[in-house]
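Everything on this sheet refers to the single structure shown next.
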Amino acid sequence: MKIKNLLFFLLPIVSFAQLDFAQNTAQIVQKSTPLEILKASFVNHNTSTCIDTRWLEELTNQSLFDNMYADVSNLDIDQPVAYELSTETLKKKLQILDNKSPFNIEYNSSLENVIKSFLKNRKASFERLMAISEYYFPMFEEHLAKYNVPLEIKYLAIVESALNPKAKSRVGASGLWQFMYPTGKQFNLEVNSYIDERFDPLKATEAACQYLSSLYKIFGDWSLVLASYNAGPGTISKAIRRSGGSQNYWDIRKNLPKETANYVPAFLATMYIYEYKKELGIVPKKAPITYFETDTVKVKREMSFSQIAEIFDISKEQIAFLNPIYKLEVIPFDHQKPHYLRLPKDKIGLFVSNEEAIYAYLDFVKNGGTVQEKEPELVVQTQTVEPMTTPATKTAKEKKPVVVEAVKPKGVLTYHTIVKEENLGKIAKQYQVTVLDLIKWNDLRSSVINVGEKIKIYTKQVHSTTNETTLDAEVLAQSEPAKEETTKPEIKKPFVAKSNKTIYVVKSGDSLYTIAKKFPGVSPDDLKKWNDISGNKIRPGMKLKING
């Protein structure tokens, strides 16, 4: 019995070894998708230290913003709070802050109540906020210093948005710095159907610094600047007049709207808690990444978040967090105004090193290719293979070139012999073509290539290395009597109903934006309306009705 089992084990191995020497060969090929072949060819393809799921939830947690918004809007700061904190100690600490800060910080019972309320009810929230601060504060401080704005203004973003780049208030203020639409436009923050620069941390911070600087030129007092940032300079000017011309925030506070009256105390309380966190027993969580550990690259093709996620092995949620500006999870391409993709630095390095191959892949998808899941089964292909000889030693009758495309390739046909340690990426770079070109010209089913094999390459000029031979593609095409037909993959066309409706089956990499562009006169909002979609999320396999 053991001998029989051993024979069953050995026979396939012997048979497989003999295949290498047979002219009629059977090749066992593991199917690979174009996406897998692209990623296998990447230069310097290493794994990123990405933001983990729990940390990402912290960075985008809407509850922190909701709590802060509720406190600023509704907190009764004149109501005493039962919390063990010495008033004398508080006065001394506030005096120290006042001495080293450009803000007018003076003790009063209202400020004490806010500090105690935050410590009693929001201590855990501040531990989380301090971790998120490690991500944003270095970038804030760089811009604040550039505009000569006090670095303590960084705490304003906590009061405004709880450091949520996608925060949106009930009245429409948006982003880290809560810009209203008109104010954002005033400081060149673009808003359209596809992008909203109020959500861009970098551009919004730049605009906030400019706005704060302009307010300081009006009032000359940073406490009044804070109040006017919340209520508008007109409201503050009226409160000053109603207070007999006093420009002390605490004097005019009684003439301010409730939210603004709470706003500056909330800012000062936040500053106090951050500056004295150790004494207050607050232990910040640790941020695994900072804003400066990410970078941007200019995008030269339209790209969806789904495509980026698949190419770079990074979650869509992380891409959305790093690129909150794109409302439809699509980075549009515009010749007039470039758009940028932000990723962890090692992913940016991967993008730049393989840019041409990535764009070729995106073109492939756009022109009808699909991003499919890997097919697990093995496919056996049997074909008669004639030993490959140098094309120059054969006549046109003896060896006819196979024209794979309906449109013949342009340029010089080169046969490249694979040598040790070569891969598709290196070969593509050597001949200044793309990996997908090599796949298309040679009908490759995987990224695996073997030493000694010859592959076709169409180049603009003749190369003269020892492992390649060349023939002009046009001459070869003219000399052949007939073209060999190729089997094209069946393309499923959308079902068109009699009611003049089209059913579109969602593919991997699709978004509402990219689907809408396929149908003239259709917008993403139309797709949502026709298919009862509330958000922007769609999944492969969904069937969407297109009314036309």
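The helices (runs of 4 or more DSSP H) found wholly in segment 255-333 and carrying at least 2 residues that are in the same structural domain as PRO201 (by TED's automatic domain parsing) occupy 258-275.
Conditions tested, residue by residue: (1) within 12 Å of the chain's Cα centre (by Cα); (2) within 30 Å of LEU97 (Cα to Cα); (3) surrounded by fewer than 21 Cβ atoms within 10 Å (Cβ to Cβ).
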{"position": "VAL283", "(1), (2), (3)": "no, yes, yes"}
{"position": "ILE311", "(1), (2), (3)": "yes, no, no"}
{"position": "PRO324", "(1), (2), (3)": "yes, no, no"}
{"position": "ARG342", "(1), (2), (3)": "yes, no, yes"}
{"position": "ILE348", "(1), (2), (3)": "yes, no, yes"}
{"position": "ASN354", "(1), (2), (3)": "no, no, no"}
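For the criterion of being of a type in the set (D, E, K, R) and more than 30 Å from LEU322 (Cα to Cα), ASP221 passes. One residue is enough: does segment 312-320 have a residue meeting the conditions β-branched (Val, Ile, Thr) and in contact (Cβ under 8 Å) with a residue 60 or more places away in the chain? Yes, some residue in segment 312-320 is β-branched (Val, Ile, Thr) and in contact (Cβ under 8 Å) with a residue 60 or more places away in the chain. When the criteria are applied in full, PHE126 fails the requirement of being assigned by TED's automatic domain parsing to the domain that holds THR260, in contact (Cβ under 8 Å) with a residue 60 or more places away in the chain, closer than 18 Å to VAL264 by Cβ and buried (at least 18 other Cβ atoms within 10 Å of the Cβ). ILE77 satisfies every condition listed in (1) at pLDDT below 95; (2) under 30 Å from GLN318 (Cβ atoms); (3) buried (at least 21 other Cβ atoms within 10 Å of the Cβ) except (2). Any residue at all in segment 293-300 that is out of contact with any strand residue (DSSP E or B) (no Cβ under 7 Å at 6 or more places or on another chain), touching a residue at least 40 places away in the same chain (Cβ under 8 Å) and among the polar types (S, T, N, Q)? Among the residues of segment 293-300, not one is out of contact with any strand residue (DSSP E or B) (no Cβ under 7 Å at 6 or more places or on another chain), touching a residue at least 40 places away in the same chain (Cβ under 8 Å) and among the polar types (S, T, N, Q), which makes the answer no.
At least 1 residues being surrounded by 11 or more Cβ atoms within 10 Å (Cβ to Cβ) and at pLDDT 80 or above is the threshold, and among the strands (runs of 3 or more DSSP E) wholly inside segment 423-534 those reaching it are 454-459, 501-505.
Residue-by-condition table, conditions (1) more than 19 Å from the chain's Cα centre (by Cα); (2) crowded, with 17+ Cβ neighbours inside 10 Å:
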| residue | (1), (2) |
| --- | --- |
| GLU160 | yes, yes |
| ASN164 | no, yes |
| LYS168 | yes, yes |
| TYR181 | yes, no |
| LEU189 | yes, yes |
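Just one of the listed residues (SER174, SER133) is among the hydroxyl-bearing types (Ser, Thr, Tyr), outside the structural domain of MET303 (by TED's automatic domain parsing) and under 19 Å from GLY232 (Cβ atoms), and it is SER174. Suppose the filter is closer than 22 Å to LEU328 by Cα and either in a helix (DSSP H, G or I) or without any contact (Cβ under 8 Å) to a residue 60 or more places away in the chain (or both); does LEU144 pass it? So LEU144 does not fit the description; no. I'd like the full set of residues that are more than 20 Å from ASP251 (Cβ to Cβ), of a type in the set (Ser, Thr, Tyr) and in a helix (DSSP H, G or I), limited to segment 80-118. Result: THR87, THR89, SER117. Contact map, segment 92-108: first residue more than 16 Å from ALA227 (Cβ to Cβ) and in contact (Cβ under 8 Å) with a residue 60 or more places away in the chain, second residue of a type in the set (A, V, I, L, M, F, W, C) and assigned to a loop (DSSP other than H, G, I, E, B), Cβ cut-off under 9 Å, separation 6 or more or different chains; pairs are LEU94/ILE105; LEU97/PHE103; LEU97/ILE105.
What residue, among those in segment 225-252 that are touching a residue at least 40 places away in the same chain (Cβ under 8 Å) and more than 16 Å from SER214 (Cβ to Cβ), is surrounded by the most Cβ atoms within 10 Å (Cβ to Cβ)? Taking the candidates together, the pick is TYR249.
Within this structure, GLN210 passes the test of being over 20 Å from ILE273 (Cβ atoms) and surrounded by fewer than 19 Cβ atoms within 10 Å (Cβ to Cβ).
Summed over segment 191-207, the residues that are in contact (Cβ under 8 Å) with a residue 40 or more places away in the chain and more than 18 Å from ALA320 (Cα to Cα) give a count of 2.
The values are calculated or read from the model by the stated rules, or taken from the named source; none is laboratory data. Treat the numbers as computed from the prediction; the structure is a model and nothing was measured. Cβ: placed from backbone, ideal geometry, glycine included. Neighbour counts: every protein chain shown.
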